[in-house]
Amino acid sequence: MSSILLREETLDPSFVPPALPGREKEFAALLQRYRGAVAKGLSHPQLLTGGIGSGKTALARRLGEDLRRISRAGTPPLQTIYINCWRRANDRSILLELLRSVNVSLPDRGYSLTEMLDVFEQGLRRTPGPRLIVLDEVSALVRQGTKLVYFFSRAREIALGSVSLLLIAPEDVLPLLDGASRSSFGLTHRLHLDPYDEAALLQILLARATIALRPGSFSAETLAPLARAAAPRGDARFAMELLANAARAAENDGRNEIGAEDVRQARSSLVPGESELRLDELPPQALLALLAVARTLRGPRSGATTERIRQTYGTLVEEFGATAVSRVTFWRTIRQLEREGLIELEPASVGRPARVTLSDVPVSHLEMLLESRLERAKPKSRSSVRTA
Ligand SMILES: Nc1ncnc2c1ncn2[C@@H]1O[C@H](COP(=O)(O)OP(=O)(O)OP(=O)(O)O)[C@@H](O)[C@H]1O
Ligand SMILES: [Mg+2]
């Protein structure tokens, strides 16, 4: 039985979140535009742009569901037709998909584009009501010179009723459209999503963890490093993967709470090998200091003072038959490890000494790597040295 991942499926990218922290303004603006258009029986063409994991798809999905729910009594609810165009980068395959949404299936061959459009129009008339056609990942389709944008952005003029279009792409694709299609996307018909900042990512992670995970298995404190790791990209998809990885790591270890170690493991799994390569360039002295960090941080601890780490270091020196370095040299070694990006140093503040945390390497894995390297470098005791 799962001890943490109670609703794992809600961490999947296909899950439509009930709310969108950090995108409230954008969502409200889109909702208002489409509602207004639908109420007047008009169409609203819209372009939504933003980087990877900026919430474009989530926003479109949420929009579709909310528009359907809030339709006025006595009027047919808005139907959203969502098509991911990534692997269907031509008008024919998009049209076949659209036909399916109005319950018409045509053979792939034998019909011209215009005939297919006619059949689609008939389908729309059979079940009247407002439609929102979402064309996600539309870049390639636009580059192929699609005719569909022209057709649907002029839907009202060709008397199809309220058929609105929402185009989604990472970048502004309007310059690639023909002039007539472009002109229907006025200035207010474009919305760009900026990358999320760390605070927004933390809100997103907390909201999703509350849905997906067992209460008490996470905290704002444990999830903060995940938000920090995803912040340079501003990518909620990446943050979500980190969350799923950390939860799985904790569960695989038979614990019912996500700890600092799981978070580190989740982070490291995304940059495998990198830290390992850096270890090979370190002198034995630094390897020993790093092992002291790893051993001290084994267990639930996420950070420790340099003094504590030096104590561990003392026992390691004996274990590996090395010579201890002075306090100053030890401190210098710690700084070197920080420069290498292997550890992080939280500077001292009033009433609190400096603390060392591990950046992206899971402790257990790091210990294994270090021990194998140090064993190799260990001076052999006389009795174990074989003579030929
Ligand atoms: N504001 C938000 N609140 C809650 N979850 C979000 C938010 N933004 C994004 N997500 C979640 O993050 C993940 C990625 O978001 P989404 O798929 O919408 O990104 P995208 O902009 O479509 O990225 P791509 O360009 O890669 O398709 C999804 O799991 C989505 O549910
Ligand atoms: Mg998407």
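Just a few scattered comments:
- Label zone at Ser219 (point 7 Å along Cα-to-Cβ), backbone N below 16 Å, region 296-333: 300-304
- Volume in Å³ per residue [convex hull over Cα atoms, computed for region 201-268]: 67 Å³
- Protection-proxy order for peptides 238-246, 97-105, each taking the mean of Cβ atoms within 10 Å per residue, highest first: 238-246, 97-105
- In this structure, the amide hydrogen of Leu47, modeled 1.01 Å from its nitrogen in the peptide plane, lies closer than 5 angstrom to those of Leu167, Arg190, Leu191, counting only residues at least 5 positions away or on a different chain.
- Counting every pair of alpha carbons in region 24-193, the share spaced more than 24 Å apart comes to 31 percent.
- Local electrostatic count, Thr146, Cβ distance below 12 Å [Lys/Arg +1, Asp/Glu -1]: +2
- From its DSSP helices (H runs of at least four residues, each -39,500 (n - 2.57)), the chain gives a residue-normalised ellipticity at 222 nm of -14500 deg cm²/dmol.
- Exposure proxy order (Cβ contacts within 10 Å, fewest to most) of Ser93, Ser139: Ser93, Ser139
- Cα-based equivalent ellipsoid, region 222-360: semi-axes from gyration tensor eigenvalues, Å: 28, 16, 16
- Straight-line reach from Lys147: taking Cα to Cα under 20 Å and skipping same-chain neighbours fewer than 8 places apart, the aspartates and glutamates in range are Asp91, Glu97, Asp108, Glu115, Asp118, Glu121, Asp136, Glu137, Glu157, Glu171, Asp172, Asp178.
- Alpha-carbon Debye profile of the chain, log10 I(q)/I(0) at 0.09, 0.11, 0.12 Å⁻¹: -0.68, -0.85, -0.94
- Note on Arg352/Asp178: beta-carbon distance plugged into 1/(1 + (r/R0)^6) with R0 of 56 Å gives a FRET efficiency of 0.35.
- Available extension along the chain between Asp66 and Leu345 is 95.8 nm, counting 0.36 nm per residue and deducting the alpha carbon span.
No lab work stands behind these numbers, since they all come straight from the coordinates. The structure presented is a predicted model; accordingly, all values stated were derived computationally and were not measured. FYI the Cβ positions are ideal-geometry reconstructions off the backbone, even for glycines, and counts take in every protein chain you see.
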